[in-house]
Amino acid sequence: MPVPCHLATFFSSDAGGLRLTVPFLAEGLRLGQACFLVATDPVLKRYIDALGEQKGVDVTGATQDGRLTLVRFEQATGPSTIEQWERRFAEVLAKGPTIIRLVGEMERVRSMFVSEAEMLSYEEAFEMMSRRYPIVAICQYDVRGFDGEALLRSLKSHPDLFGFRIGTFLN
């Protein structure tokens, strides 16, 4: 994938939600790259369990040494969240050159925002902000939890998808 890159995946089963992102995070952890995961339980537990089963991945060690950061926002707004990401990315990059990997479980992320509309506005702002950093971000959309209008907005805020065969991102 090119860097920077901001992608969205769309899935309709719990297993489908882990198909691309667990190997993506596991590879980053094995390479010593900074990885961020934005999720809440029970999705967070599924990730931790699945990552723990990956060869060469020590989830506890990765969270302790800062390679894996579990992120949660409280009553977030787009501007406040963008500001937090910029601070986090600057801290990572101050330690030396790296690729930053980020996975956001958007149904869980939505619960961190004051509204779905605010979360979708954040996605649009993140698209622009992320271009300044060596980041590959995957925003996961569980289609069981979003309506058509929200999914259309999510497609529009992830233009990097259109350079790939979209079937790759449908799980």
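The values are calculated or read from the model by the stated rules, or taken from the named source; none is laboratory data. Just so we're clear, the structure is a prediction, and the values are computed from it rather than from any experiment. A quick note on method: Cβ atoms are made from the backbone with ideal geometry, for glycine too, and the neighbour counts reach across all protein chains shown.
Among the residues that make up segment 35-54, is at least one of them within 25 Å of R132 (Cα to Cα), over 15 Å from the mean Cα position of the chain (by Cα) and hydrophobic (A, V, I, L, M, F, W, C)? No. Looking only at segment 131-151, which residues are crowded, with 21+ Cβ neighbours inside 10 Å and farther than 12 Å from R108 by Cα? Correct list: I135, V136, A137, I138.
Please verify whether T9 is buried (at least 20 other Cβ atoms within 10 Å of the Cβ), at pLDDT below 95 and closer than 24 Å to G56 by Cβ, treating the condition exactly as stated. Here the answer is yes, as T9 does meet what is asked.
Per the listing V103, V136, the residue uniquely under 25 Å from G16 (Cα atoms), in contact with a Lys or Arg (Cβ under 6 Å, 6 or more places away or on another chain) and in a strand (DSSP E or B) is V136. The single condition among (1) over 17 Å from V136 (Cα atoms); (2) surrounded by fewer than 15 Cβ atoms within 10 Å (Cβ to Cβ); (3) among the β-branched types (V, I, T) that V3 does not meet is (1). G96 fulfils the conditions (1) part of a helix (DSSP H, G or I); (2) without any contact (Cβ under 8 Å) to a residue 24 or more places away in the chain except for a single criterion, (1). So if I check each of T77, T63, T69, T81, which one is free of Cβ contacts under 8 Å to residues at least 60 places away in the same chain, surrounded by 14 or more Cβ atoms within 10 Å (Cβ to Cβ) and touching a strand residue (DSSP E or B) at 6+ places or on another chain (Cβ under 6 Å)? Exactly one residue qualifies, and that residue is T69.
As a summary of the residue check, M112 satisfies the conditions (1) within 21 Å of V136 (Cβ to Cβ); (2) of a type outside the set (D, E, K, R); (3) in contact with a Phe, Trp or Tyr (Cβ under 8 Å, 6 or more places away or on another chain); (4) in contact (Cβ under 8 Å) with a residue 60 or more places away in the chain except for the one numbered (1).
Test K55 against the criterion of being surrounded by fewer than 12 Cβ atoms within 10 Å (Cβ to Cβ), of a type outside the set (A, V, I, L, M) and within 25 Å of L20 (Cα to Cα), and give yes or no. For K55, the condition - surrounded by fewer than 12 Cβ atoms within 10 Å (Cβ to Cβ), of a type outside the set (A, V, I, L, M) and within 25 Å of L20 (Cα to Cα) - is met. Within the span defined as segment 84-92, every residue fails to be within 17 Å of the chain's Cα centre (by Cα), part of a loop (DSSP other than H, G, I, E, B) and either of a type in the set (D, E) or buried (at least 20 other Cβ atoms within 10 Å of the Cβ) (or both).
Among residues of segment 21-52 being of a type outside the set (A, V, I, L, M, F, W, C) and within 21 Å of Q84 (Cα to Cα), the one that is surrounded by the most Cβ atoms within 10 Å (Cβ to Cβ) is Q33.
With R101, R165, R110 as the choices, which residue is charged (D, E, K, R) and at pLDDT 95 or above? Only one candidate passes the filter, namely R101.
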